[in-house]
1. Could you check B:R474 against (1) at pLDDT 95 or above; (2) not in a helix (DSSP H, G or I) and say which number it fails?
2. Would you point out which residue out of B:D458, B:D395, B:D386 is among the acidic types (D, E), in contact (Cβ under 8 Å) with a residue 24 or more places away in the chain, over 23 Å from A:A21 (Cα atoms) and outside any loop (DSSP other than H, G, I, E, B)?
3. Look at B:E538 and say whether it is of a type outside the set (K, R) and either on the phi > 0 side of the Ramachandran plot or at pLDDT below 95 (or both).
4. Any residue at all in the range B:383-395 that's within 13 Å of chain A (Cβ to nearest Cβ), at pLDDT 95 or above and buried (at least 20 other Cβ atoms within 10 Å of the Cβ)?
5. Since B:L818 meets every condition but one in (1) surrounded by fewer than 20 Cβ atoms within 10 Å (Cβ to Cβ); (2) away from every other protein chain (no Cβ under 14 Å); (3) touching a residue at least 40 places away in the same chain (Cβ under 8 Å); (4) out of contact with any Lys or Arg (no Cβ under 9 Å at 6 or more places or on another chain), which condition does it not meet?
6. How many residues are touching a residue at least 24 places away in the same chain (Cβ under 8 Å) and either over 13 Å from A:R40 (Cβ atoms) or assigned to a loop (DSSP other than H, G, I, E, B) (or both) when one looks only at the range B:438-455?
7. In this structure, is B:L367 touching a His at 6+ places or on another chain (Cβ under 9 Å), in the same structural domain as B:A471 (by TED's automatic domain parsing) and in contact (Cβ under 8 Å) with a residue 60 or more places away in the chain?
8. Out of B:I788, B:I800, B:I852, report the one residue that is touching a Leu at 6+ places or on another chain (Cβ under 9 Å), of a type outside the set (G, A, S), in contact (Cβ under 8 Å) with a residue 60 or more places away in the chain and crowded, with 20+ Cβ neighbours inside 10 Å.
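The values are calculated or read from the model by the stated rules, or taken from the named source; none is laboratory data. Keep in mind that what you see is a predicted model, and the values were worked out from it rather than measured. Here Cβ is always computed from backbone atoms with ideal geometry, including for glycine, and neighbour counts include all displayed protein chains.
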Amino acid sequence: MSEGFEPKIVAFACNWCAYSAADLAGVSRFQYPPNMRIIRVMCSGRVNPNFILKAFESGADGVLVAG
Amino acid sequence: MEKCIACGACSEKCPQKVSNEYDAGLNKRKSIYVKYAQAVPLKYSIDSDTCIFFKKGKCKACEKLCPAGAVNFEDKARELTVNVGAVIIAPGCEVFDPVTYDVYGYGKSPNIVTSLEFERILAATGPFGGHLVRPSDHKEPQKVAWIQCVGSRDIHAGSQPYCSGVCCTYAIKEAIIAKEHQKGGLDTAIFYIDLRTYGKDFERYYNRAVDSKVRFVKSKIAGIVTDPTTQNQVIHYIDEAGRRVEETFDMVVLSVGFKVSQEAVSLAERLGVDLDQYSLAKTSDFQSVKTSRPGIFVCGSFQAPKDIPHSVIEASATAAEVESVLAQSRGSLVKTKEVPVEKDVRGEDPRIGVFVCCCGTNIAGFLDVPLVVEYAQTLPGVVFADKNLFSCSQDTQEKMTDIIREKGLNRVVVAACTPRTHEPLFQETVLNANINKYLFEMANIRNQCSWVHSNDKDAATQKAKDLVRMAVSRVSLLEPLYDPEISMNHAAMIIGGGLSGITAAINLAEQGFHAYLIEKADVLGGNALKIHKSWQGEDVQQRLAEMIGIAGSHKNISVLTSTELKKVDGFVGNFKSTVETNGAEQVIEHGVAIIATGALESKPDQYLYGTEPNVLTGLEMDSRFNDKGFSAKGIKSAVFIQCVGSRIKERPYCSKVCCTQSVRNALKLKELNPDMDVFIVYRDMRTYGLREALYREARAKGVIFIRYDFEKDLVVDKDNGNIRVSFTNYALQRRMEIKPDLLLLATGIIPIRENPMASLFKVQVNDDGFFVEAHAKLRPVEFATEGILVAGLAHCPKPIDESIEQAKAAASKASALLSKEKITVEGVVSRVDEAYCVGCGRCEEACPFNAISLETRENGEKISHVREALCKGCGSCAAVCPTGAASVFHFDDREVLCMVKTAFE
């Protein structure tokens, strides 16, 4: 892995908790690396294992399911 | 206030720093501020007491910097006149100021804090970012002590004689959380008088604290002395055996109790509401939310000290009272909204419009908005893209509507803040341009982009482009949805004709709804038929008879005694339930159901109960008092044993009512025969809240309280024909023997085993056998399944006043549904493609809301079926479906995976 490696991360975030938490991180101006793309779902229970595999297939280096 | 976009520029530049009251003064805030990060509405305001402009006439830095022109120094407080039919007062309480007593050393060291200050220290948004440190040196403490009953259960001037009811449990919570924060084995000790974890599941929490080595020290505090060099605290106390002990701690937390605020008192005075001896609003047990003035209701800690779930229940109870008072005028001020006609865009190629918001400088200041707009124009299906200064302002909304019409757009993306707050607003904008509101998507380029990557403009711009691309790919696949409407039957079925069931039925009947009151026994009344007095001394039999009379004669109530519920079909708004009365079945249609099936008094198989006529349970004693012929003559001594069958391994919960009942009955025995020796043998006296007054009165009148050692045997046997009670005195660690004429067992409350309601309504019971509410704090009378409510002892042990309150709360929640002609459900619900469904039932198991279940077709095939009324669109069914038959509208596999695929290009 080269030193300049920037991982691509797909996050599935529950609308009611993790997605709101990500919003609150913004309100609080917490700074974090821009490597993550958040996809809103109505519940982390919606996340089919297939979604995670598809994310890796599409080039993600990491997948976060938060809820 | 409408103009403020909560960007925070004003606060950042405000030169005036003042003490932050939200963080209990442990850090600073600015003069222009929001109270806390999650404040609703999220709007900044100026504290004119400290603002430099208001003090010295110049500054106005915030006005100059505000990008939205929202700062208005001319704003004045205005007096408004509002015509209302009822008033609810909920002014809350303050906490005791421990400076009043120098015993606690508060103010002498920064390491002596109140429990509220400690809450802020533990909070992630608090002054130390959730890192547990001592305020004096910001070092992690190794030993923390909690002192209970600071300003409560104390008759000295300035303190309150009542128990504040919440501090035992919150101190345990703080100790457990502190231990979790401090991974290196923090030593925590709670110095207490009686441990009062009487709420639902609170005893389990106490047991958990004991298991995680929180120390509990029964003691009396003599003083706290600060070591000036180390800023450690030496606690001087007297232990239960009367020995003087000293122990040093790094930090001390004072568990401060409730105190009525002066503002609340003056509000009550202005409204002409009577106060009690504690300056709390005066109420009765049977009408605990009604003040002395008709039409004015009270809830929360101004009624009596209480915790969150009880406050929430009480708030709903006041709503029920108001709904009944104002039943005549329900709906009279409602205005009907005109809904624009939607254009059918199905089959059209996507014509997508992208609006990129600058949010003043909140987005445009940290990423390149014109570049994002330019990029959006290149995306497939996009026919229009532009930027807005403030997308949410009224004029921009109108402009957007015009553009959608003009350009013939059929799908819209707004790249701005968060859909959590702004999706409904933009959906309305889209709808105003005759486009279905589900053909809309937001890209969150503020909260989740510009604000969190404010030091890296290139990366933030790139991420914003990606987010817009993801949103465009999704919006082009979205389908129009229509919010389903479900009809509503306006009757309620209440199962259980005890005090809770009767209360709910009467309230709903007064509101104008029909109530079917189902009771298994041949008479109404339940457990209350045996109770002598409520805790404040109200005559239960008299009040109960009045209520049964009202229920029996009200035109809106059908009382069905000797009746059992056999079968429940349907869902919210459309229940069809089969009941059986003396062998005859009938089907009742109703819109909601309230489960008020109660609980039982436990009958022990120990302590000579059932073999000795003079060994009685609490309710049996009450029944004797109800019997006019009862005489205490010849009873020279009586012993009450507390926690018989409660707070034990098999039943690790507190039955809540028994301490108060025993104290009340002890007082009654003393009243009947003042020479009688009356003993209460207990573990912790849990006369919580205002009930503390009874405990004090009982001691003053000579009732003798002895704490027994629960770990050692408590034996009841016969000695020469006398009942003999022997146990170990906790303080003396010596065996004691009493030979009473009358032995009373406080046997506690047990749930109905295998309550058929659980399977009929598919609702859960907890490990103890009581029903599980949707949320322990915030939804204490609802189930996760809509249209089914719970009240009274079926939920958990509680006294009469709290059962009545919960029944009213359930009635209020019921009427919120019953008052509607139809209920509209969000379009984001599950669907099942029957061609693919194999009837495996995994979706049914996965659904938390009972919204999907298998149905057997005429040909014997099993097919999954969605009840849209109950579905919350979580998609758990879709995630477990092995064939792809179950999916969710608006979040089907394609609509989610397109974003996955386009996330990084």
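1. (2)
2. Only one candidate qualifies: B:D386.
3. Criteria not met by B:E538.
4. There is no residue in the range B:383-395 that is within 13 Å of chain A (Cβ to nearest Cβ), at pLDDT 95 or above and buried (at least 20 other Cβ atoms within 10 Å of the Cβ).
5. (1)
6. So the count comes out to 10.
7. yes
8. Testing whether each residue is touching a Leu at 6+ places or on another chain (Cβ under 9 Å), of a type outside the set (G, A, S), in contact (Cβ under 8 Å) with a residue 60 or more places away in the chain and crowded, with 20+ Cβ neighbours inside 10 Å leaves just B:I800.
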